[in-house]
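Reading through the structure tokens given below for one structure.
The values are calculated or read from the model by the stated rules, or taken from the named source; none is laboratory data. This is a predicted model, so every value here is computed, not measured. Glycine also receives a Cβ, built like all others from the backbone with ideal geometry; neighbour counts cover every protein chain displayed.
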Amino acid sequence: MKQLETLAQTRRYSRQIMLPALDLAGQEKLLNSKVLIIGMGGLGCAAAPYLCSGGVGTLTLVDGDTVDLTNLQRQILYTDADVGRFKAEVAAQWLQRQNPEVQVHAVAQFADATLLAGLVATQDLILDCTDNLQVRQQISDACVEAKKPLLSAAAIRFEGQLCAFKNDGSGPCYRCMSRLFGEQQLSCLDAGILAPVVGLIGVQQALWAMLWLSGAADLPWHQLRLFDALHSQWQSFSLVKQPGCYCQAP
């Protein structure tokens, strides 16, 4: 198990360590944690820097997309000079400069069932930061199969959503939620997005991840949180397992 071994390490995280709910033990839990971030668009760009600066020991970034000029309005890890480069690779370099102590791995591929099967089982927590329904369902299936917790988020127009799934058999999975709400295949390209909305939801993913990984707090599992940016309001809905869903298979 990795430990904080130097004064420089302790000083880097000192403002977190002084929090009674986290303390030195919680910081060392973060240091030993492995987080998989799937999708390095607006959500991933908002979540990853806080996980990295906060001392999550290993980050794996998955995205086969390249930086486009239209991304720069909200995907804050990229600049004009990065247009045409793989997002995962650019983001990994940025994060490595931010905190050289964190191991950052870039996987410049689009997520599919085969890739996910090999990656998910080795992680402590998965962040779904994608905007594709089919990929989201594949991520959920891989997490259910490996019994790995999933923080799923989405943002579009002036709206955001966030939900934490335990995937240990105690509650519903992402497929249960998507069945219930009949999720549409909309993207920022189709409907637009206000930049701070995706940033706020991505940072909330990072907050939940660090609270849970450090042991500072449990999460509101299986509670769908919806954010209305125009009115600065949150709503919460409890989710239940849907009959015949993949997460109920023996």
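Numbers for the structure displayed
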quantity: Matching residues, the range 225-241, being under 24 Å from A155 (Cβ atoms) and surrounded by 13 or more Cβ atoms within 10 Å (Cβ to Cβ); calculated: R225, L226, F227, D228, A229, F237, L239
quantity: Residues satisfying the stated conditions in the range 58-85, i.e. surrounded by fewer than 20 Cβ atoms within 10 Å (Cβ to Cβ) and farther than 20 Å from V197 by Cα; calculated: T58, G64, D65, T66, D80, A81, V83, G84, R85
quantity: First in the range 89-109 and at pLDDT 95 or above, second anywhere and aromatic (F, W, Y), Cβ under 7 Å, 6 or more apart; calculated: V90/Y78; A108/F86
quantity: Helices (runs of 4 or more DSSP H) contained entirely in the range 1-98, each with at least 1 residues that are among the aromatic types (F, W, Y) and within 18 Å of the chain's Cα centre (by Cα); calculated: 42-53, 87-98
quantity: Options A146, A229, A191: the member that is touching a residue at least 40 places away in the same chain (Cβ under 8 Å) and among the small types (G, A, S); calculated: A229
quantity: Inter-residue pairs, beta-carbon under 6 Å, first closer than 17 Å to R175 by Cβ and in the range 114-137, second of a type in the set (A, V, I, L, M) and assigned to a loop (DSSP other than H, G, I, E, B), 6+ apart; calculated: V135/A111
